[in-house]
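What follows is one structure encoded as structure tokens, with my remarks underneath.
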Amino acid sequence: MSKEERRKKAGAHHSVAERQSRSGGPRVTGLIVDELGKALATVLKLDGPADVLMSRFFRLNHKLGSRDRSIIAEAIFFTLRHLSTIAWQMKPIVPARAPRLTAMVALARIYGRDALDERTVGNDAGPLDNILRSKPENATPFVQSELPYWLYERLNEQFGDEAPALFESMKEGAPLDLRVNLLKAKREEVIAELTEHGVQALPTPMSPDGIRLLTKPGLTSWPIYREGKIDVQDEGSQLIARLVQPKRGEMVCDFCAGAGGKTLALGALMRSTGRLYAFDVNEKRLSGLTPRMRRAGLSNVHPIAIKTERDTRVKRLTGKFDRVLVDAPCSGTGTLRRNPDLRWRMNEEELARINSIQANVLESASRLVKSGGRLVYATCSLLEVENQRVVEAFLSKHPEYEIMDATDVLAKQGVNLPECAKAHAPYFVMAPHQSGTDGFFGAVLVKKEMRQS
Ligand SMILES: C[S@@+](CC[C@H](N)C(=O)[O-])C[C@H]1O[C@@H](n2cnc3c(N)ncnc32)[C@H](O)[C@@H]1O
């Protein structure tokens, strides 16, 4: 039987990586299968973020070379992105209970069955070939979506005819986007530097300070990174900072700053002037901001760890800010390309819990805004319940706020959104199948000027 006949018989699914590999992909060694099986035994418990579990696994596993590591890492991500169809193919065997077999299924789907040698497969050859005979494209649309049912249902209802394209886009990896720190460099300069070193880099289509890389070099040792000329940030996230549109010398608050991805973008737009408060309840996460703001050359940022959104330090600043950003904690469903395990770890109970935090944080943050000031509510969620519904509920209780058209806010800064994104006006909505970015939501609210009588 020829290679091609055998592959067809086995029904191996054609991923991008798989197609690439057939033109000279790696041979999968027994060591890779064994170690991937061990890694999956941990990761498929789904009791922690996959990237953290993976880093720990590699740290403790010295015998793996860099080539083996990258094959294993890719296969872990592939498994998490295709867990529904893998489980469907393997039925009644449960992937988490048979991690070595799952490892072989994933590797065969990525590189083709022939990449696995018979000694490695051993007695599993029969079951493996049986499993690969079930073709993922024959599974139900729900199984092919590679999502839990609650999320599949909600996204189907929201996106209608576009849902299949969205589901496909969420199975892909995401590109590596950079934001150029305009305090220290120009975009063309950075692109020239990257190109000179053999990295294919293009300007992002929407964000004026963004660069999209077609490969993923380890940039942290590069001078342009160490000197603070660039930071890693998805193009959609860069545009959230543009929705805030802070000006030089203003009082600005990033209420949910985390490790400061958007804080740094805001600080650069303010040209390191005025005061930029960065709040977060997670002190550890917030501590990541200090070295980043130093590297970026920002002297206007004030990180403050708060206990809750009603902290007295927050209350003392009532009515003091020109601009407030609420980058709310959310389901993260817009980032499934980067965090494929999240879809299996998130559930409706957790969504309801986060939903109530979102309303409370928006309520508290809104009190900081001065008359005539701007409040931006943002998430990296695709779910309307965390986005439009939160903003509508807020506006119904706060007639002193009105909504601005996010498309206009961006157009005034030279950012032209694609037509499909404009259709969501007045909201800013990014979805991976439409914009090639992670999924993001933004609403721009203005606190009406108080009339003097
Ligand atoms: C989406 S993340 C922020 C990401 C960050 N803005 C960035 O661009 O990298 C949401 C953040 O909200 C924080 N958070 C959760 N509850 C909060 C609260 N009650 N008040 C302030 N921040 C909160 C979380 O700790 C988390 O860092």
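Mind listing just one residue for me: the one in region 404-413 that is surrounded by 15 or more Cβ atoms within 10 Å (Cβ to Cβ) and over 13 Å from residue 206 (Cα atoms) and, of those, farthest from the chain's Cα centre (by Cα)?
404
Considering only residues that are polar (S, T, N, Q) and closer than 16 Å to residue 439 by Cα, look in region 312-352 and name the one that is farthest from the chain's Cα centre (by Cα).
This residue is 331.
So which helices (runs of 4 or more DSSP H) are wholly in region 252-335 and hold at least 3 residues that are surrounded by 24 or more Cβ atoms within 10 Å (Cβ to Cβ)?
261-269
Has region 135-157 got at least one residue that is surrounded by 17 or more Cβ atoms within 10 Å (Cβ to Cβ), out of contact with any strand residue (DSSP E or B) (no Cβ under 8 Å at 6 or more places or on another chain) and free of Cβ contacts under 8 Å to residues at least 40 places away in the same chain?
The answer is yes, given that some residue of region 135-157 is surrounded by 17 or more Cβ atoms within 10 Å (Cβ to Cβ), out of contact with any strand residue (DSSP E or B) (no Cβ under 8 Å at 6 or more places or on another chain) and free of Cβ contacts under 8 Å to residues at least 40 places away in the same chain.
Quick one: how many residues across region 418-438 are buried (at least 21 other Cβ atoms within 10 Å of the Cβ) and out of contact with any Lys or Arg (no Cβ under 9 Å at 6 or more places or on another chain)?
Residues in region 418-438 being buried (at least 21 other Cβ atoms within 10 Å of the Cβ) and out of contact with any Lys or Arg (no Cβ under 9 Å at 6 or more places or on another chain): 8 in total.
State which residue is surrounded by the fewest Cβ atoms within 10 Å (Cβ to Cβ) when the search covers only region 353-384 and only residues that are more than 11 Å from the ligand (Cβ to nearest atom) and within 18 Å of residue 438 (Cα to Cα).
Ranking the candidates gives 384 first.
If a residue has to be outside the structural domain of residue 319 (by TED's automatic domain parsing) and more than 26 Å from residue 400 (Cα to Cα) to count, how many in region 423-453 make the cut?
0
Look through 143, 105, 121 and report the one residue that is within 29 Å of residue 332 (Cα to Cα), assigned to a helix (DSSP H, G or I) and more than 26 Å from the chain's Cα centre (by Cα).
The unique qualifying residue is 105.
Looking for something more than 13 Å from the ligand (Cβ to nearest atom), at pLDDT 95 or above and on the phi < 0 side of the Ramachandran plot - is there at least one such residue anywhere in region 326-335?
No, every residue in region 326-335 fails to be more than 13 Å from the ligand (Cβ to nearest atom), at pLDDT 95 or above and on the phi < 0 side of the Ramachandran plot.
Go through region 276-310 and report how many residues are near the ligand (Cβ under 9 Å from one of its atoms) and in contact with a Phe, Trp or Tyr (Cβ under 6 Å, 6 or more places away or on another chain).
2
Determine which member of the set 172, 168, 162, 146 is at positive phi and either modelled with pLDDT under 95 or in contact with a helix residue (DSSP H, G or I) (Cβ under 8 Å, 6 or more places away or on another chain) (or both).
Just a single option satisfies the conditions, and that option is 146.
The values are calculated or read from the model by the stated rules, or taken from the named source; none is laboratory data. For clarity, every value in this text was computed on a predicted model and none was experimentally measured. FYI the Cβ positions are ideal-geometry reconstructions off the backbone, even for glycines, and counts take in every protein chain you see.
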